[in-house]
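The structure appears right after this line, and notes come after that.
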Amino acid sequence: QGMDAPAHVLVFPWPLQGHINCMLHLTAALLDAGFRVTFLHTEHNLSRLARAALPPGLRLLSVPDGLPDDHPRSVRSLKELTESMFTTGSAAYRALLLSLRSDSDAPPLTCVIADGIMPFAVDIAEELGVPALAFRTASACSYLAYLSVPTLVELGEVPFPADDPVRGVPGMEGFLRRRDLPRGVGRSEDGAFDPMLLAIAEGIAHAGKARALILNTAASMEGPALARIAPHMRDLFAIGPLHAEHDAAASLWSEDDSCMAWLDGHGDRSVVYVSLGSLAVISHEQFTEFLAGLVATGYAFLWVLRPDMVKTTGSVLREAVKEAGSKARVVEWAPQRGVLRHRAVGCFLTHGGWNSTLEAAAEGVPMVCWPFFADQQINSRFVGAVWRTGLDMKDLCNRAIVQGKVREAMESGELRGRAHAMAQQLKLDVAVGGSSSSDLERLVGFIRELRA
Ligand code: UDP
């Protein structure tokens with residue numbers, strides 16, 4: 001391949017909102033570096049995606065995810081989605097890579113950057129002679145914990161919901177408890193061991209076989225975990241938070257922008273922003289506890305209630321919120337990064353998904369975390385006990401706790417001060433000469449060299 005043609009990267013995210021956002025930010029960074037990028041969606045998501053938000057010059061291709069089009073893509077169908085992506089999806093991906101060999105619309109592929117939870121995407125690319133890098137869209141601390149799952153099982157430190165200290169994750173012996181460990185795809189309230197966890201952990205560790213692992217994190221936040229992961233990888237790049245310099249997210253739900261004008265009408269740091277991300281579901285009882293707790297704080301709040309988030313129909317929920325007082329605003333999906341940047345937002349009640357955590361961190365907004373599943377349990381522990389930029393509700397959800405934690409997050413100068421300091425540091429990290437910016441430059445060079 002001649003050195004005059006631009007490098008051409010195929011970016012292939014796992015077909016869920018958080019993964020798509022994060023890998024679109026990466027895509028924007030690669031386009032800025034002068035690369036050609038082809039973004040590989042599932043057909044279902046491509047039909048839902050807000051295309052207006054996509055970076056210009058981006059080529060979109062799709063593969064089927066294997067589920068019928070009207071099948072819900074919710075947390076309850078994650079196992080089915082996984083199975084069909086690993087069969088139907090992977091076969092279509094192989095066929096697509098083969099067809100791209102004789103593609104006249106773009107230069108030959110320089111490499112694939114595949115979501116780090118799809119080992120097949122790395123293996124198939126390499127088998128067909130295309131170098132593959134893995135991109136894991138979660139935190140380094142969760143990555144290290146997943147790498148440690150075999151040790152945790154050996155030491156008997158799973159199942160989870162217990163306060164016992166954990167010894168099985170290196171470097172975290174002082175503060176990590178069983179209830180802070182990452183989970184499988186189901187929320188096991190009873191703490192039963194999820195056999196899927198071993199499979200997930202193995203899939204995640206598979207990035208060690210890729211040419212490199214890319215993480216959306218910064219050395220200033222997660223240096224110790226990064227140092228422990230590095231020896232397991234052929235190369236490691238920590239280039240986050242990507243959205244701070246290359247915001248290119250696009251939503252699968254339509255964003256309700258009207259909440260921005262509503263925020264404009266509120267005083268500085270007077271509003272609580274509440275969102276549990278794209279997958280978490282809550283029971284009607286939990287909804288009632290959140291609502292009562294929020295109302296009891298006396299603060300105005302903006303609450304994202306996705307249509308598929310509570311079993312009860314949306315109108316009943318909206319009615320309940322309305323009855324609770326005029327200080328509340330409900331939307332089905334918010335322009336979240338804009339909301340977190342708004343001067344009126346005083347704290348963020350969140351599930352602690354990694355994108356949400358980074359978005360709050362970059363804006364210096366204190367968090368209250370109610371982790372739902374996967375990496376969120378360990379992210380929230382880091383928020384509460386390591387970075388101390390927020391508070392961790394962990395598995396407790398009742399009105400008194402919601403009220404107390406939200407009040408503290410709104411009013412504590414110490415939390416705000418630390419959150420602000422972290423935001424300042426992250427700005428330095430992504431600016432020219434900063435650690436994440438330098439690693440991104442090194443990644444661009446790494447990909448260019450793959451062409452030689
Ligand atoms: N998000 C959004 N509007 C909302 C809720 C979430 O744009 O109303 C975005 C949010 O900014 C983040 C992503 O959706 O980029 C959620 O990813 P995260 O990793 O926080 O959680 P997940 O949805 O994967 O559980």
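The values are calculated or read from the model by the stated rules, or taken from the named source; none is laboratory data. Not measured: the values here are computed from a predicted model. Here the Cβ is made from the backbone with ideal geometry for all residues, glycine too, and neighbour counts use every protein chain on show. Side chains included, ligands, DNA and RNA excluded: accessible areas come from the protein's heavy atoms. Shrake-Rupley method; radii C 1.70, N 1.55, O 1.52, S 1.80 Å.
Annotations for the structure displayed:
- In this simple spin-label model, placing a label point 7 Å from the Cα along the Cα-to-Cβ direction at both Arg76 and Ala162 gives a separation of 3.2 nm.
- Using 0.36 nm per residue and subtracting the Cα-Cα separation, the extra length available between Glu441 and Leu198 on full extension is 84.0 nm.
- Between 0 and 90°, nearest 10: helix 435-450 axis offset from the chain longest Cα axis: 20
- Residues of the stretch 240-269 with amide N under 16 Å of the 7 Å Cα→Cβ point at Lys322: none
- Angle of helix 413-430 to the longest C-alpha principal axis of the chain, folded into 0 to 90 degrees and rounded to 10: 10°.
- Accessible solvent surface per residue of the chain, calculated while the other protein chains remain in place, 1.4 angstrom probe, Å²: 38
- Global geometry of the stretch 21-91, whether rounded, prolate or oblate, following the gyration tensor of its Cα atoms and the 1.5 cut on a/c: prolate
- Mean shadow area of the chain, taken as a quarter of the surface of its Cα convex hull (nm²): 20.3
- Percent accessible area from carbon and sulfur atoms, the chain, protein chains only, probe 1.4 Å: 52
- Chain lengthening between Lys209 and Arg101 when straightened (0.36 nm per residue, less Cα-Cα): 36.5 nm
- Estimated from the Cβ-Cβ distance and a Förster radius of 41 angstrom, the FRET efficiency linking Arg448 and Ala385 is about 0.50.
- Dipole size of the stretch 308-452 about its Cα centre, with +1 on Lys/Arg Cβ and -1 on Asp/Glu Cβ: approximately 280 debye, rounded to the nearest 20.
- Think of the stretch 75-133 as a dipole: +1 on every Lys or Arg Cβ, -1 on every Asp or Glu Cβ, centred on the Cα centre; then among Leu78, Thr88, Ile124, Leu78 lies furthest on the positive end.
- Rounded to 0.05, the FRET efficiency of the Asp4 and His232 pair, given R0 = 35 Å and the Cβ-Cβ distance, is 0.45.
- Model label sites at Ser315 and Glu332, defined 7 Å from Cα along the beta-carbon direction, differ in position by 1.4 nm.
- The slack between Met260 and Leu155, meaning 0.36 nm per residue of separation minus the straight C-alpha distance, is 32.9 nm.
- Ordering Ser412, Ala328, Gln424 by Cα displacement along the dipole of the stretch 300-452 toward the positive end leaves Ala328 in first place; charges were set at the Cβ atoms of Lys, Arg (+1) and Asp, Glu (-1).
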